[in-house]
Amino acid sequence: VQHNLHCIALGTKLGARSHTVWIGDGGNFPGQVHLRRALERYLDSLREIYAALPGGWRLFIEHKLYEPAFYSTVLNDWGTSYHCVRELGEQAFSLVDLGHHAPNVNIEMIVARLIQFGTLGGFHFNDSKYGDDDLDAGSIKPFQLFLIFNELVDAERDGLPGFAPAYMLDQSHNVTDPLESLMVSAAEVTRAYVQAHLVDRAELAEHQERNDALMARETLKQAFRTDVEPILAMARSRAGGAIDPVSTYRASGYRETAARARPASSRAGAGIV
Ligand SMILES: [Mn+2]
């Protein structure tokens, strides 16, 4: 609680408007943690943090299936997150980290549920094959990313009141240049957003009404298959950016220049290995 209050105080100085809590609290063995009491303690702590939230701020709570304990986690899924958000108040929202679910979970449906219930706060984008949550967005399951944005664009077009998700990349780059990964990930998120706008929603609704499963799916696939790279490149150019960010970044020599200016580190840490 004290750490979170300190973060809110620092955020106020920095002009922040939101605060995210992920808590790695859980048990490794059956019986280690009293499941109901643990959640009640979590809520008691969050209530103190929520009470310190400045007006206009949003509190995001981030669920995760496991880590660091593998048997149970106090805020383990979106249902628990929804309950906690409702307990806390109108400034609390659920945050969805794409990597924090069991393999094969239908994350786009979780997103749709949270939108429908008015508690979707935002995202931590990344990708995952099994239990990792640190890979570059869209690198493993680009269709899933598209389907998530399909739900977001659908909600945006419906003009749902209070619909204003916050977006963030939450990745850990161990085998790539972090800046290059961020560039590519940002492009992948944007690509999914643009492709989701290409979905013919009137046609999709007709297929859904007739329960034409094949054509409904193909309506989504048609948008997903469309190459929007020229649109993304032109948008980058118009915004004053590079048409091909990674090549431009590599040609600039920034990495080498920054490495020379950076103080030498004596200890090995996360980064390119
Ligand atoms: Mn996260």
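Quick check on segment 113-129: of everything there that is assigned to a helix (DSSP H, G or I) and free of Cβ contacts under 8 Å to residues at least 40 places away in the same chain, which residue is nearest to SER45 (Cα to Cα)? Across segment 113-129, the extreme among qualifying residues is LEU114. When VAL228, VAL199 are checked against the criterion of being modelled with pLDDT of 95 or more, away from the ligand (no atom under 16 Å from the Cβ), over 30 Å from TYR254 (Cβ atoms) and surrounded by 16 or more Cβ atoms within 10 Å (Cβ to Cβ), a single residue qualifies: VAL199. Looking only at segment 55-82, filter to residues that are away from the ligand (no atom under 16 Å from the Cβ) and more than 19 Å from the chain's Cα centre (by Cα); which one of those is surrounded by the fewest Cβ atoms within 10 Å (Cβ to Cβ)? Ranking the qualifying residues of segment 55-82, first place goes to GLY55.
The test for being touching a strand residue (DSSP E or B) at 6+ places or on another chain (Cβ under 8 Å) and among the aliphatic types (A, V, I, L, M) holds for VAL111. With respect to (1) closer than 17 Å to LEU39 by Cα; (2) in contact with a helix residue (DSSP H, G or I) (Cβ under 6 Å, 6 or more places away or on another chain); (3) among the hydrophobic types (A, V, I, L, M, F, W, C), the lone exception for PHE70 is condition (2). Of SER181, SER172, SER139, SER185, all but one fail to be among the hydroxyl-bearing types (Ser, Thr, Tyr) and under 17 Å from VAL96 (Cβ atoms); the exception is SER185.
Checking each residue in segment 133-164 for being under 14 Å from the mean Cα position of the chain (by Cα) and more than 20 Å from ALA223 (Cβ to Cβ) picks out ASP133, ASP134, LEU135, ASP136, ALA164.
Taking residues in segment 6-33 that are closer than 18 Å to PRO68 by Cα, and partners anywhere that are among the aliphatic types (A, V, I, L, M) and in a loop (DSSP other than H, G, I, E, B), the pairs with Cβ atoms closer than 6 Å and at least 6 places apart or on different chains are ASP25/VAL74; GLY26/ALA69; GLY26/VAL74; GLY27/VAL33; GLY27/ALA69; ASN28/ALA69. On the given criteria, is ARG236 out of contact with any helix residue (DSSP H, G or I) (no Cβ under 8 Å at 6 or more places or on another chain) and either part of a helix (DSSP H, G or I) or surrounded by 16 or more Cβ atoms within 10 Å (Cβ to Cβ) (or both)? The answer is no for ARG236. Being touching a Leu at 6+ places or on another chain (Cβ under 9 Å) and among the hydroxyl-bearing types (Ser, Thr, Tyr) is the filter; apply it to segment 158-190 and report the residue that is farthest from the ligand (Cβ to nearest atom). Looking at residues that are touching a Leu at 6+ places or on another chain (Cβ under 9 Å) and among the hydroxyl-bearing types (Ser, Thr, Tyr), I get THR190. Listed conditions (1) modelled with pLDDT of 95 or more; (2) over 22 Å from GLN116 (Cβ atoms) are all met by GLU67, apart from (1).
Please specify each residue of segment 11-20 satisfying the condition of being surrounded by 10 or more Cβ atoms within 10 Å (Cβ to Cβ) and out of contact with any Ser or Thr (no Cβ under 9 Å at 6 or more places or on another chain). Scanning segment 11-20 gives THR12, ALA16, ARG17, SER18, HIS19, THR20.
Tallying residues that are closer than 20 Å to PHE143 by Cβ and either of a type in the set (D, E, K, R) or over 11 Å from the mean Cα position of the chain (by Cα) (or both) within segment 83-106 yields 7. If you go through segment 239-262 and keep only what is part of a helix (DSSP H, G or I), more than 25 Å from the chain's Cα centre (by Cα) and of a type in the set (A, V, I, L, M), you end up with ALA251, ALA258, ALA259, ALA261. Residues in segment 83-102 that are within 18 Å of GLN144 (Cβ to Cβ) and in a loop (DSSP other than H, G, I, E, B) were compared, and the one that is farthest from the ligand (Cβ to nearest atom) is ALA102.
The values are calculated or read from the model by the stated rules, or taken from the named source; none is laboratory data. Source: prediction; values computed, not measured. A quick note on method: Cβ atoms are made from the backbone with ideal geometry, for glycine too, and the neighbour counts reach across all protein chains shown.
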